[in-house]
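Readers should treat all values here as calculations from the given coordinates under stated rules, not as data from a laboratory. Everything numeric in this text was worked out from a predicted model, so none of it was measured. With ideal geometry, Cβ positions are generated from the backbone for all residues, glycine too; neighbour counts draw on all protein chains shown.
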Amino acid sequence: MMYPYQDEDKIREGTPTVSEAVPVWEQPAAHRPKRSRRVLKTAALLCACLMVSGAAGLGGGFLALSLWGGAEAPAAQAEAPAAVPAVSAPAQSSAGAMTVSQVVNAVSDSVVAINTEVQTTNFFMQQVTGQAAGSGVIISQDGYLLTNNHVIENATKVSVTLKNGESYDAALVGTDPETDLAVIKIDASGLQAAAIGSSSALQVGDETIAIGNPLGELGGTVTNGIVSALNREVTIDDRSMNLLQTNAAINPGNSGGGLFNDRGELIGIVVAKSSGVGVEGLGFAIPIDTAKAVADDLIANGYVTGRGELGVSVIDINDSRTAFYYRVPQNGVYLAGVNSGSAAERAGLKIGDGILAVDGTEVSSAAALSSQIAQHKAGETIKLTILRDGGEQTVSVTLQEKVPESVRKAA
């Protein structure tokens, strides 16, 4: 099932917002069962045994208890709850799990607040500087940080604030809009890097702890919950992503922050929260297995290598009016542009071609097309079923490597 939603981290203002004892109900005296004469005799015998067998001690007591007969639970058994460990004395289990407070103490120094400046155009068509905020996670002691692409996208300045209040200007290392991830770097050393976990080892119901900068003002905020779902397919900006779902409270500004397990390991990068009216307890994170692979490639190459692409721009036609405007026969995804020298041009694709299927799998939107192409590497050949001049055709395309324009210009 697809869950489209939006995530807004453009924070200008934010106002932060703010157990009772459970009564133990006792059975009324009037309804307590009356002791039988046998019980009274047994009690007398108990007293006699205790007086006579003072030297025997525990042995005599055990004999008396065995004669009690079960008419009423003994007092020693009723006081069993006293053996339950006190809540105020948490301890790490033999399996390595920790309490929420222990996790926070162990990992909070690795989560940072990110503030950016972005040039925007106001109502009067004037260039003004806007501000945005988000979160990030330290992934190396020498200053590499992982965050969301949309947190730093189009930013003219990026600053990072550590938990101890120190602030640094950050440089962009690389971004990946496909996974909504970005790596930035600050000039610092000896930082506390997050311990990387494994998202593939997660199960639904596992505990999750989110740490971030909600509302752009509440850095270091901690919320917890569970893994609500694995591999949840979600569409963001026409891109289909497989994400972790959690019910830990996540708000604008949390994006780019860390999602940890009960061992203090980073298992995801928080990416978005549903903004639907009345929606509660619905948050998502990029699995760390995906995020780590992307981060390694961004640090080494500035982009994610080996990805295949057609070299085209596309448009979704979703209604008859739009179809009539573009003079296409039906709804679907159509080529709006074909890059010169691209894989698509070499295969003979043209502007106006409709893409019906990839390797036999039907596609009806730009998101579906991107999802199918993303399953293939550069150099692989795919078969496209296209709609041209009212008829269907099959075209073979050998994918080219997808290289960001910024990297091409820098080369």
| query | Between V118 and S140, what FRET efficiency comes out of the Förster formula 1/(1 + (r/R0)^6) with R0 = 25 Å and r the beta carbon distance, rounded to 0.05? | reply | 0.40
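FRET efficiency for L230 and T361, Cβ-Cβ distance as r, R0 = 30 Å, nearest 0.05? Present the calculation step by step, with values, prior to reporting the outcome.
On the way: r = 23 Å, r/R0 = 0.75.
FRET efficiency, L230 to T361: 0.85.
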| request: Starting at the first residue of segment 121-131, write each ³J(HN,Hα) from the Karplus equation 6.51 cos²θ - 1.76 cosθ + 1.60 with θ = phi - 60°, in whole Hz, x for Gly and Pro. | output: 10, 8, 4, 8, 6, 9, 7, 10, 9, x, 10
| For Q127 and R327 in one chain, what is 0.36 nm times their gap in residues minus the Cα-Cα distance, to one decimal in nm? | 68.3 nm
| message | Tell me which of Y334, S313, L369 sits at the most positive position along the dipole axis of segment 308-410, charges placed on C-beta atoms (Lys, Arg +1; Asp, Glu -1). | response | S313
| Where only alpha carbons of segment 104-221 are counted, the Rg and the Dmax (Å) | 15.5, 53
| query | Which far-off residues, 5 or more places away or on another chain, put their amide H under 5 Å from the one on H376, with H placed in the peptide plane? | reply | G308
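With +1 on each Lys and Arg Cβ and -1 on each Asp and Glu Cβ, and nothing else charged, work out how big the dipole of segment 308-410 is about its Cα centre, in Debye to the nearest 20. List each step's numbers first, then the result.
On the way: 10 positive and 12 negative charges, 54 e Å.
For segment 308-410, the charge dipole is close to 260 debye.
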| remark: The long-range amide H neighbours of G143, using H built 1.01 Å from N in the peptide plane and a cut-off of under 5 Å, are L191
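Magnitude of the Cβ-charge dipole of segment 99-184, K/R +1 and D/E -1, about the Cα centre, nearest 20 debye?
Numbers: 2 positive and 9 negative charges, 44 e Å.
Rounded to the nearest 20 debye, it is 220 debye.
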| request: For K409 paired with L218, estimate the spin-label separation in nm (one decimal), with each label point 7 Å from Cα along the Cα-to-Cβ line. | output: 3.9 nm
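Placing unit charges on C-beta atoms (Lys and Arg positive, Asp and Glu negative, everything else neutral), compute the dipole magnitude of segment 198-301 about its Cα centre in debye, rounded to 20.
On the way: 5 positive and 12 negative charges, 17 e Å.
In debye, rounded to 20, segment 198-301 gives about 80.
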| Given H placed 1.01 Å from N in the peptide plane, which residues other than close sequence neighbours of N247 have an amide H under 5 Å from its amide H? | I226, S228
| said: Strictly over 22 Å apart at the Cα level, which of K157/K292; K292/K383; K292/K402; K157/K377; K350/K409; K163/K185 would you flag in this model? | reply: K157/K292; K292/K383; K157/K377; K350/K409
| remark: Extend 7 Å from the Cα of K350 along its Cα-to-C-beta direction; within segment 356-383, residues with backbone N under 17 Å of that point are 356
| task | Obtain the nm distance between the two label points defined at E166 and D319 by a simple spin-label model: each point lies 7 Å from its Cα along the Cα-to-C-beta direction. | result | 5.5 nm
